[in-house]
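Chemist: Shown below is the structure under consideration.
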Amino acid sequence: MKTLTMKTLTLLSFCAITALSASPAMASSDGRDAERARTALAAGEILPLSTVLQRLSAQHPGHVLEAELDLEQNRWVYDIKLLPPQSGVVRLELDARDASVLQRREKRRSGTPAPAVQPAAPAAPATPAQAN
């Protein structure tokens, strides 16, 4: 995978923040989640998306298809959807404080073979002493 430049990461961060601000998923009944996210980011309570994507690319290569920031049970969580080079779509839930992986789910592409199962080793032929 190509290394993401700071310009690309900044653009991705801007797009994600813009999308999150307008996203119904970010709107709560009181409409304050977007403001809470901005406050948490400014206070250093959560990492910027650009930092999360840099850390993520080292262990989970692929193209980012989608990124969301959600407040789940009083915890900020980045929900990242990736298209890795060798398999189907991977969805990761990351703790927004430190980018640690909370959950990983993978959907295989149709037609992608399952991991190969190694056949059992054939039994050794019986020796004449064992046959008696």
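Chemist: Please work out how much length the chain gains when fully extended from H63 to L102, using 0.36 nm per residue of separation minus the C-alpha to C-alpha distance, in nm with one decimal. Before the final figure, lay out the partial values.
Modeler: On the way: separation 39, 0.36 × 39 = 14.04 nm, distance 1.97 nm.
Between H63 and L102, full extension yields 12.1 nm more.
Chemist: First select every other residue whose beta carbon is under 13 angstrom from the beta carbon of D79; then total the charges, Lys and Arg +1, Asp and Glu -1.
Modeler: Values: positive: R75, K81, R91, R104, R105; negative: E66, E68, D70, E72, E93, D95.
Summing Lys/Arg as +1 and Asp/Glu as -1 gives -1.
Throughout, read-outs are computed from the coordinates displayed, never taken from laboratory work. This one's a predicted model, so the numbers in the text were calculated from it and none came from an experiment. Backbone-built Cβ (ideal geometry, glycine too); neighbour counts: all protein chains shown.
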